[in-house]
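Below: one structure, written as structure tokens.
The values are calculated or read from the model by the stated rules, or taken from the named source; none is laboratory data. A quick note: this is a predicted structure, and the numbers were derived from the prediction, not measured. For neighbour counting, all protein chains shown are included, and Cβ atoms are generated from backbone atoms with ideal geometry for every residue, glycine included.
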Amino acid sequence: MPFVRKGFLIPFFLLVLIVFFPLSSLEVRDIHDNRVLFMSPVSKGETFEIRYIHSVERVPVAGIFRVINGNRIEVEESIFSSYGAGLPSDTPREDVVFEGNQMRVRHRDIAMERLRLFISPFTQQQFIHSGTTVDLSSLMEGHIVEIRVRRVPLLWCWGTRVFDLLRGGFGQSSG
């Protein structure tokens, strides 16, 4: 085989290994349409944020989540201005810190494989990661968005990102 002598085989296998190498990727998917809204490589320790307006209390709420071992998501912190229906309260697995007019509830030992959100335009839900904001409330009311970390080949992650950027992008870059 002449191509083997020219050193073709080793670079070819290295390229295949790099392209198909699985990596952890943070994915936001509209379950109803099975459409990826956001996908990006992610490492253990990285955080993302969910912001919304509480449907009953009508106050801004932020949830901060961290990627942990085993491609799991850990609830790290909730930030809001007052207690109310459906908001975290002080429990043995939470510490409440008051900073100005905000409460920061720091959670412990709450981990999950995925996070699902029911979409409502009234709550103005946003997903934020590494300077990119995805407006989840622009989806149809009643859709469910799933956020998870999964192992995907590098090529899949790049391909999904390029395809989505060509049709309008994953979200708006924060400035």
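For this structure, a couple of remarks:
- Residue list for segment 130-143, filter: in contact (Cβ under 8 Å) with a residue 60 or more places away in the chain, part of a strand (DSSP E or B) and closer than 15 Å to residue 52 by Cα: 134
- Residue within segment 152-167 that is touching a strand residue (DSSP E or B) at 6+ places or on another chain (Cβ under 9 Å), modelled with pLDDT of 60 or more, in a loop (DSSP other than H, G, I, E, B) and at negative phi present: no
- Of all residues making up segment 71-101, the number that are at pLDDT 80 or above and surrounded by 14 or more Cβ atoms within 10 Å (Cβ to Cβ): 10
- Odd one out for residue 57, checked against (1) at pLDDT 75 or above; (2) out of contact with any helix residue (DSSP H, G or I) (no Cβ under 8 Å at 6 or more places or on another chain): (1)
- Candidate set: segment 107-135, residues that are aromatic (Phe, Trp, Tyr) and loosely packed, with under 13 Cβ neighbours inside 10 Å; chosen: the one modelled with the lowest pLDDT: 122
- Screening residue 44 against (1) surrounded by 14 or more Cβ atoms within 10 Å (Cβ to Cβ); (2) modelled with pLDDT of 90 or more; (3) in contact with a helix residue (DSSP H, G or I) (Cβ under 7 Å, 6 or more places away or on another chain) leaves a single unmet condition, (1).
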